[in-house]
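Single-structure report; data block below.
Each value in this text was obtained by applying a stated rule to the coordinates, not by laboratory testing. This is a predicted model, so every value here is computed, not measured. Because the Cβ atoms are built from the backbone with ideal geometry, glycine has one as well, and the counts that use them run over all protein chains shown.
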Amino acid sequence: MRNFIGKKNSFGIEYEIRSVNSYVFGKVRLWLEGKYVGAFDDIDFLSVTSCHLNGEDLRAEDECQFFVNEKADKIYELIVSYAIPDTDSYRFSPGPPFDDFMLYYYKCNDKLHFVWKLSDTPNFDYPDYPKEVQSAVISVDEYREVVAEFVRIIEDCQKIPVSTLEIRGKRKSPYYWVYDFYIDGKYLPGILNIGLRDENRRYSHFDLDYRNYEDIDFEHYTEYNNAEDIRKAAAARRKRDISAFLAQEYPENYFGSNRVILYGSHCGCEHCGVISFLLIMDKEYVYWTNIGYESTESKHDAGYVDEMYQMIGALKFKKDEYEQIFAKYCEEIDTLCSAEE
């Protein structure tokens, strides 16, 4: 059954819940001043969409200076052509059902200004949908009110318990420490049954392991000529990946899907498939959502997430504790590096 929150002629959320177990599954699209955005034919995780909508940074500061007296098509062009700073921050992407739309927004005088355009090659059908740039303006208060109601409904369906995250290290040899994630005291690869399902998918992509590169050749870095270059490359990769886990940078992966990679192949390549998730972070909590197997080998979409490997629902952590865990891990790695020097 279709449900609706808000008003179609200003801001509203149309949704249909299809199933509820460890997550809420269904259809969703947004209405902005009488025009819809989103593929209602796409069945996806409503839990993910609600987290995205609730976690969107509405920005405390107005950002009108680049767009004063400009028409919608000009504003759209300024953003997509990277003619203004920090272009990616204007992207509004509440989840996979909205991937067919290039949707952007900015805040000005307690209003949210949206501009968007339907992709020239959409994955779903949108009969008679305009090809031109579209626009809408809604109040920040109305947006928050409607989204809060949608979040409440989804959370009532799915009571995600708060989990405890740990990063534990074990010394395997004089030159080799192994780190990995533990959820509520349980080994994450064991929770995911990675070894049982796919032996090649049990290697931590996060580079949690620490190795003394004077003593061991690490195959990820065979293009480097000496231990110091390998060490620097490993440190740079570790910093990049930690930033992704902390939502400080957009995650980078082979598929361009903005999913954070948990585990990958023993060869270190991503194109042969990884275990990844969508990261959502709000003021109080961090969510690892839509955890599953991502590859180019399933169906027709690059970065398609195979439902066969969605072994658990969303994980939820307290944000302050989550950040402390990563800070502690970084301190331990820094200590090991200092000792090596």
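For each pair in K7/K27; K107/K319; K27/K74; K27/K71; K74/K111; K172/K319, compute the distance between the two Cα atoms and list the pairs where it is over 21 Å.
Violating the 21 Å limit, Cα to Cα: K107/K319; K27/K74; K27/K71; K172/K319.
Over all alpha-carbon pairs in segment 3-157, figure out the percentage whose distance exceeds 22 Å.
For segment 3-157, the fraction of Cα-Cα distances above 22 Å is 39 percent.
Residues of segment 111-149 with the amide nitrogen closer than 19 Å to a label point 7 Å from the Cα of K74, along Cα-to-Cβ, please.
Counting backbone N atoms under 19 Å from the label point, the list is 113-117, 132-137.
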